[in-house]
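Here's the structure we're looking at; comments come further down.
Bear in mind that the values in this text are calculations on the coordinates, not laboratory data. What you see is a predicted model, and the numbers here were worked out from it, not measured in a lab. Cβ atoms come from the backbone with ideal geometry, glycine included; neighbour counts cover every protein chain shown.
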Amino acid sequence: MHPFRAAVEARDHDAMVATLAPDCRLFSPVAFKPFDGREAVAELFWNLLEVFEDFTYVDELEGEDSHALIFRARVGEKAIHGLDHLRMNADGLIEEFTVMIRPLSALMAMGEALGPRVGHLPKGEVTAR
């Protein structure tokens, strides 16, 4: 089990952040530009712990320098199915973190819930129909 997965399952924010390289980048499915650096990603993780309900990893795939963690969660009434793709640096810390989420209605619900919390996601950037 990847240390990031263990930290998320324990809901241990400090342990989640400890897996990140100082110059990590997180590519979000609801933000045009990435979250750059450990501090920005740590803030996002804090907010995600608040927004996601019933979060659980259901599978894990391992490559030479990458991991894919498949998850399920809820935001309000919307069920989310997603994937966290992690690329590690030579020290084993996460240098690139890409999140993919489906279906679109759940992605929009996540964007609406995070928008007011994260300066990176201006209110109105993601709109549910």
* Structure fact -> Computed ³J(HN,Hα) along segment 16-21: with the Karplus parameters 6.51/-1.76/1.60, θ = phi - 60°, integer Hz and x for glycine or proline, the list is 4, 5, 5, 7, 8, 5
* How far, in degrees from 0 to 90, does helix 38-51 lean away from the longest principal axis of the Cα atoms of the chain, to the nearest 10? -> 50 degrees
* To do: Towards the positive end of the charge dipole of the chain, with charges on Cβ (+1 Lys, Arg; -1 Asp, Glu), say which of Leu93, Leu83, Ser105 has the farthest Cα.
  => Ser105
* Please list the non-local residues whose amide H lies under 5 Å from the amide H of Leu20, H modeled 1.01 Å from N, same-chain partners needing a gap of 5 or more. => Ile94
* Pick from Glu50, Glu96, Glu112: which is most flexible by mean-square fluctuation in a GNM of the chain where alpha carbon atoms under 10 Å apart are linked? -> Glu50
* With a ≥ b ≥ c the root eigenvalues of the C-alpha gyration tensor of the chain, is it rounded (a/c under 1.5), prolate (a/b larger than b/c) or oblate? -> prolate
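Express the relative contact order of segment 1-103 as a whole percentage, based on alpha carbon pairs under 8 Å and six or more residues apart in sequence.
Working: 184 pairs, mean separation 25.4, N = 103.
Once normalised by length, the contact order is 25 percent.
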* Pairwise label distance in nanometres, Glu9 with Asn89, each label 7 Å out on the Cα-Cβ vector -> 2.7 nm
